[in-house]
Amino acid sequence: MHHLVARGLACGIDGRTIVSGVDLDIPRGSMVALVGRNGSGKSTLIRSLIGLRPMTAGTVHIDGADLSTLSPRQRATRLAHVGQEDAPPEDLLVGEMVAMGRIPHRPPWAVTDTSDEPVVLDALAAVGMAHAVDRPCQHLSGGERRRVMLARGIAQGSDLLVLDEPTNHLDIHHQIQLMDTIRGLGATVLAAVHDLSLAAAHFDRVAVLHEGRLFAVGEPTSVLDPTTLHRVFDVDAAHLTDPVTGRAHLVLGAGAPVLADQRKAVS
């Protein structure tokens with residue numbers, strides 16, 4: 001069953017079309033990475049897919065419901081979004097910031113709800129920030145702020161999580177920890193990702209955005225192949241098999257052992 005379905009979606013900025021003709025199916029419980037060059041329109045497409053930016057054409061359905069018919073509160077109970085530049089207000093405590101994710105579930109005009117406290121603490125624990133629940137947000141590092149914003153998204157309790165560059169500002173340890181945490185949620189995940197190796201290692205499917213269109217969608221090893229990566233990103237690439245786990249890992253750059261026939265294929 002598909003959790004999110006887009007058909008013929010087009011979107012743009014200031015009257016200029018950025019992305020068009022998008023047909024995308026996201027299976028329930030899957031993790032899908034959206035990749036593309038800087039400026040390819042990943043953030044614009046993400047925001048249109050979840051109703052934060054108007055579509056200029058097409059339809060989006062979430063759990064069978066037409067996105068255009070949902071109120072903001074209904075949309076917030078069906079999906080949680082963590083934007084690339086989202087940052088917590090400095091005058092809030094970490095726990096207060098994460099508790100804002102519970103607002104869609106509160107009665108109208110309700111400001112606080114003590115029953116949310118276990119949810120907030122669990123969300124912070126999931127990103128390794130439970131110890132900072134009473135810390136002012138202004139004292140957080142860039143990486144800690146990213147983790148707190150993700151905790152807010154987790155606390156929202158939606159089973160569709162939409163992330164824009166979720167590992168921004170995180171070191172490699174916290175990148176891997178965060179991806180393992182997201183996988184452990186069991187939610188459907190759509191994430192704009194700039195790190196191709198991360199997309200290959202941690203996502204079930206990859207959608208490649210190129211020249212205003214979805215160029216390819218499928219399993220990482222089939223989509224992030226040398227031909228596609230050379231054409232879209234202008235880099236050499238190869239898949240190497242880990243001798244311990246048997247998993248394929250993506251190797252990028254001039255040192256990638258691209259075979260002669262692969263070089264001919266992408267030239």
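If the condition is being on the phi > 0 side of the Ramachandran plot and at pLDDT below 95, then segment 2-23 contributes ASP14, GLY15. A search for C-beta distances below 9 Å between a residue of segment 50-65 that is within 17 Å of ILE26 (Cβ to Cβ) and any residue that is open to solvent by 70 Å² or more (accessible area, probe 1.4 Å) and among the basic types (Lys, Arg), counting only pairs 6+ apart in sequence or on different chains, returns GLY58/ARG7; THR59/ARG7; VAL60/ARG7; HIS61/ARG7; ILE62/ARG78; ASP63/ARG28; ASP63/ARG78; ALA65/ARG78. Figure legend. Inter-residue proximity from segment 24-37: first residues without any contact (Cβ under 8 Å) to a residue 24 or more places away in the chain, second residues open to solvent by 10 Å² or more (accessible area, probe 1.4 Å) and polar (S, T, N, Q), beta-carbon distance below 8 Å, spacing 6+ or different chains. No pairs are indicated. Here ALA57 fulfils each of the conditions (1) of a type in the set (Gly, Ala, Ser); (2) within 23 Å of VAL133 (Cβ to Cβ); (3) over 20 Å from the mean Cα position of the chain (by Cα) apart from (2).
Got at least one residue in segment 162-176 being in contact (Cβ under 8 Å) with a residue 24 or more places away in the chain, in contact with a strand residue (DSSP E or B) (Cβ under 6 Å, 6 or more places away or on another chain) and among the β-branched types (Val, Ile, Thr)? So far as segment 162-176 goes, yes, one or more of its residues are in contact (Cβ under 8 Å) with a residue 24 or more places away in the chain, in contact with a strand residue (DSSP E or B) (Cβ under 6 Å, 6 or more places away or on another chain) and among the β-branched types (Val, Ile, Thr). Residues in segment 165-180 that are under 22 Å from LEU92 (Cβ atoms) and either assigned to a loop (DSSP other than H, G, I, E, B) or touching an Asp or Glu at 6+ places or on another chain (Cβ under 8 Å) (or both): PRO166, ASN168, HIS169, LEU170. Listed by position, the helices (runs of 4 or more DSSP H) contained in segment 194-235 that have at least 2 residues being crowded, with 17+ Cβ neighbours inside 10 Å and β-branched (Val, Ile, Thr) are 226-233. Taking segment 58-77 as the range and being touching a Ser or Thr at 6+ places or on another chain (Cβ under 9 Å) and over 26 Å from ARG152 (Cβ atoms) as the test, the residues that pass are GLY58, THR59, ASP66. Could you list, in sequence order, all residues of segment 112-153 that are touching an Asp or Glu at 6+ places or on another chain (Cβ under 8 Å), open to solvent by 10 Å² or more (accessible area, probe 1.4 Å) and outside any strand (DSSP E or B)? Selection gives GLN138, GLY143. Restricting ALA199, ALA187, ALA192, ALA216 to residues that are of a type in the set (Gly, Ala, Ser), more than 14 Å from the chain's Cα centre (by Cα) and modelled with pLDDT of 90 or more narrows the list to ALA216. Look through GLY21, GLY39, GLY29, GLY15 and report the one residue that is under 14 Å from the mean Cα position of the chain (by Cα) and surrounded by fewer than 16 Cβ atoms within 10 Å (Cβ to Cβ). Matching residue, one of GLY21, GLY39, GLY29, GLY15: GLY29. So, GLU96, is that one under 28 Å from ALA192 (Cβ atoms), open to solvent by 70 Å² or more (accessible area, probe 1.4 Å) and at pLDDT below 90 or not? Judged against the criteria, GLU96 is not a match.
The residue of segment 236-267 that is modelled with the lowest pLDDT, among those that are hydrophobic (A, V, I, L, M, F, W, C) and exposed (fewer than 12 other Cβ atoms within 10 Å of the Cβ), is ALA260. Could you tell me whether LEU161 is surrounded by 17 or more Cβ atoms within 10 Å (Cβ to Cβ) and under 18 Å from PRO89 (Cα atoms)? For LEU161, the condition - surrounded by 17 or more Cβ atoms within 10 Å (Cβ to Cβ) and under 18 Å from PRO89 (Cα atoms) - is not met.
The values are calculated or read from the model by the stated rules, or taken from the named source; none is laboratory data. Small disclaimer: the values here were computed from a predicted structure and weren't measured. For neighbour counting, all protein chains shown are included, and Cβ atoms are generated from backbone atoms with ideal geometry for every residue, glycine included. For the accessible areas, the whole protein counts, side chains as well, though only heavy atoms, and no ligand, DNA or RNA atoms are used. Shrake-Rupley method; radii C 1.70, N 1.55, O 1.52, S 1.80 Å.
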